[in-house]
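This report refers to the structure that appears directly beneath it.
The values are calculated or read from the model by the stated rules, or taken from the named source; none is laboratory data. Here the structure is a predicted model, which means the values were calculated and not measured. For neighbour counting, all protein chains shown are included, and Cβ atoms are generated from backbone atoms with ideal geometry for every residue, glycine included. Just so you know, the surface numbers come from the protein's heavy atoms only, side chains and all, with ligands and any DNA or RNA stripped out. Shrake-Rupley method; radii C 1.70, N 1.55, O 1.52, S 1.80 Å.
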Amino acid sequence: MTAIAFDQQYLPTGDGHTLYVAQYGKPDGAPAVVLHGGPGSSAQTSMLDWFDLERQRVVLFDQRGAGLSTPQGEISHNDSMKLVSDIEMIRQHLQIERWMVVGGSWGATLALLYAGQHAAQMNALVLRGSFLASAREMTWFFQSLQAMVPAGWRRLTDGWSDAEKSNVLATLSHALLSGSDAEANEAARRWGLYEDAVVQAMSGTQSASDTASDDAAATARVLNKFRIQAHYLSQGCFTTETALLESASRLQDVPAILIHGTHDLICPPENAVLLKRVMPHAVLRWNGKAGHLSTDPAIAQALKEAVKELAA
């Protein structure tokens, strides 16, 4: 049965953006906020499966330019520190004193940045498939992974010059941020298909066929997502791996659980080891043969157990 929000609202940020915020569960229950991945993706109601909605109050929101937040796809006044300010604005607006913070992939990055400034407002932390916004990870995903998903990488770079292939992120970002509408849409299509190929490699299935959507709204959503993603990744997500690890080191008083799939091809398992090193109090839970996505049954179960454990 699909959960129904007991509250939905649009919060203006004061600099041209408006955030979609929804609350689920028990209005006076133990509060938690979920930070979605991306950048440029959106919150999904499937995230609610990790919580006991009869006892917990769960806040979902779409980050700047993403999902139902407006203007969709907007990259001006859109950076990591503004997203951190948005999270804190939402907490204060909803009159929540302290809350559990749950983030996966880019959401884990954002959770760590938030922790660096607002650890006192957190009573628990769950990180899944953490991304540390490093050049190491960018090189891994866009260049080195061609050895793991050769067909997907060849399709991504088909027709490109050697120079364009040598820096895939820069090539995609240029098309998405500075190219014509046709160039931007083609870059978004290729990036999406490459992501699909990586996900399918983790699950052991064959790569999907190259199918383009005729739905204008769907095409716009894909373009908005990857435009925001290019904006962030091309700028190193406006942070550094060192800054994120420093933020993590300040969380000694916040109970934390780290979840990572051993077969995660998107955010290397090495990231969890680095976080554990600066968060010795955190519980690190490996998920054997699991990949990156929260929809992976093993990852989903681990998230549910972690939230239940920390809520107790």
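The sum of -39500 (n - 2.57) across all DSSP H runs of n ≥ 4, divided by the residue count of the chain, sets its helix-only mean residue ellipticity at 222 nm to -13000 deg cm²/dmol.
Count Lys and Arg as plus one, Asp and Glu as minus one, and take only other residues whose Cβ is under 14 Å from that of Pro150; the net charge is then +2.
Binning the C-alpha pair distances of segment 1-121 at 5 Å intervals from 0 yields a P(r) profile of 2, 11, 24, 26, 22, 11, 3, 0 %, listed from the shortest bin outward.
For the chain, find the longest principal axis of its Cα atoms and tell me its angle to the long axis of helix 80-93, 0 to 90°, nearest 10. Once rounded, one gets 30 degrees. Relative contact order of the chain, taken over Cα pairs closer than 8 Å and 6 or more residues apart, is 19 percent. Our analysis of the chain gives Rg over Rh at 0.95, with the two radii drawn from alpha carbon positions and Rh computed by the Kirkwood formula. Taking the C-alpha atoms only, the angle from helix 297-311 to the longest principal axis of the chain is near 30 degrees. Among the trypsin sites (Lys or Arg not before Pro) in segment 38-114, those placed in a DSSP loop whose Cβ has at most 14 other Cβ atoms within 10 Å are Arg55.
Of the residues Ala187, Ala175, Ala163, the one that moves most in a GNM of the chain with alpha-carbon contacts below 10 Å is Ala163.
Rg/Rh for segment 165-269: what does it come to with C-alpha atoms and Rh from Kirkwood? Walk me through the numbers on the way to the answer.
On the way: Rg = 17.1 Å, Rh = 16.2 Å.
Ratio value, two decimals: 1.05.
How much net charge surrounds Thr171 when only the other residues with a Cβ under 10 Å from the Cβ of Thr171 are counted, with Lys and Arg +1 and Asp and Glu -1? Present the calculation step by step, with values, prior to reporting the outcome.
Details: positive: Lys165, Arg190; negative: Glu164.
Charge balance near Thr171 sits at +1.
Give the carbon-plus-sulfur fraction of the accessible surface of the chain in %, rounded to a whole number; probe 1.4 Å, heavy atoms of protein chains only. It is 51 percent, rounded to a whole number.
Once the other residues with Cβ under 12 Å from the Cβ of His77 are scored (Lys, Arg +1; Asp, Glu -1), what is the net sum? Kindly include the intermediate steps, with their values, before the conclusion.
Details: positive: Arg64, Lys82; negative: Asp15, Glu74, Asp79, Asp86.
Local charge sum for His77: -2.
Once the 1.4 Å probe is applied to the protein heavy atoms, the chain comes out at 44 Å² accessible per residue.
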